[in-house]
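A.B. asks: Below is a structure I'd like to ask you about.
The values are calculated or read from the model by the stated rules, or taken from the named source; none is laboratory data. The structure presented is a predicted model; accordingly, all values stated were derived computationally and were not measured. Here the Cβ positions follow ideal geometry from the backbone for every residue, glycine too, while neighbour counts run over all protein chains shown.
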Ligand code: SF4
């Protein structure tokens, strides 16, 4: 029996993104779809309540409770780019926090203004930022650039984070880096030293849909080894470790999982959670507690993501 960890639910609340990373695991649209659940705040709140009710610690009706124990539930808001919904997001985050979730957000930071960080920080336990390179040309080539040609201003971001963390020290910062053909030789030490994240998640791209910018095992390992001075905060994740280890909800409020690699089936979806109820919808997908615990080892307090 696995015990003492935070159960993490990833809600990909939009498929849209203003960046177009070559390795992106789906082909995102340029603008959010009006059908996304977050456009309806009543439905959004109903989904949050249903998820919390089903996954709250001690719910004997949850089949996972036979295999594992957890003491808190974290809702990780992801995309696409969740801050394309910047008008609704502060309300949704506050609501989720009031319901009982710990809340985290993962963003490409392109719309993370100082004002926005300050507004979100009181209700976030983790703010995750995807950063692959400190080099403008590399970011441009990867596709980490908006349709209007805007690149991330890392110094402005670091300043905004400094201010928010001074006021809300409970909010921890995590950097996500996808190691790919274009940044695999880079030394990100100055960037990490400036931002001082509590976690640095180094991922090898997941070739579900595309093999663009793929790298070898050696290149991935060399990137991790080059940054060993940050070993205390690094969480390195090879793509083999990623199947069935996420609890994921899509923008329309369905659970989903990565399909079988090497087949045409990219994703497998459940019925809509608000239509079927969380229990019946969850029964429609596979989830591997052993993989989950490999991802969130207890020595990291279950907060590795
Ligand atoms: S920022 Fe994230 S969601 Fe947007 S294109 Fe890049 S990988 Fe995809």
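A.B. asks: Looking at segment 283-292, can you tell me whether even one residue there is outside any loop (DSSP other than H, G, I, E, B), in contact with a helix residue (DSSP H, G or I) (Cβ under 8 Å, 6 or more places away or on another chain) and modelled with pLDDT of 95 or more?
C.D. replies: Within segment 283-292, not a single residue is outside any loop (DSSP other than H, G, I, E, B), in contact with a helix residue (DSSP H, G or I) (Cβ under 8 Å, 6 or more places away or on another chain) and modelled with pLDDT of 95 or more.
A.B. asks: Does segment 83-107 hold any residues that are within 20 Å of residue 55 (Cβ to Cβ) and within 16 Å of the ligand (Cβ to nearest atom), and which are they?
C.D. replies: Selection gives 104, 105, 106.
A.B. asks: Let me ask another. If you check residue 135 against the conditions, is it more than 13 Å from the ligand (Cβ to nearest atom) and in contact with a strand residue (DSSP E or B) (Cβ under 9 Å, 6 or more places away or on another chain)?
C.D. replies: When the stated conditions are applied, residue 135 does not pass them.
A.B. asks: Among the residues in segment 34-47, are any farther than 24 Å from residue 174 by Cα and within 16 Å of the ligand (Cβ to nearest atom)?
C.D. replies: Scanning segment 34-47, I find at least one residue that is farther than 24 Å from residue 174 by Cα and within 16 Å of the ligand (Cβ to nearest atom), so the answer is yes.
A.B. asks: Residues that are within 24 Å of residue 252 (Cβ to Cβ): find the helices (runs of 4 or more DSSP H) completely inside segment 23-128 holding 3 or more of those.
C.D. replies: Answer list for segment 23-128: 41-55, 89-99.
A.B. asks: In this structure, is residue 182 within 24 Å of residue 16 (Cα to Cα), touching a helix residue (DSSP H, G or I) at 6+ places or on another chain (Cβ under 6 Å) and at pLDDT 95 or above?
C.D. replies: When the stated conditions are applied, residue 182 passes them.
A.B. asks: Can I ask one more? Among the listed residues 157, 203, which satisfies the condition of being crowded, with 19+ Cβ neighbours inside 10 Å and assigned to a helix (DSSP H, G or I)?
C.D. replies: 157
A.B. asks: List every residue pair whose Cβ atoms lie under 6 Å apart, where the two residues are 6 or more positions apart in sequence or sit on different chains, the first residue falls within segment 2-30 and is under 20 Å from residue 58 (Cα atoms) and more than 9 Å from the ligand (Cβ to nearest atom), and the second residue, located anywhere, is part of a strand (DSSP E or B) and at pLDDT below 90.
C.D. replies: From residues that are under 20 Å from residue 58 (Cα atoms) and more than 9 Å from the ligand (Cβ to nearest atom), the pairs are 2/68.
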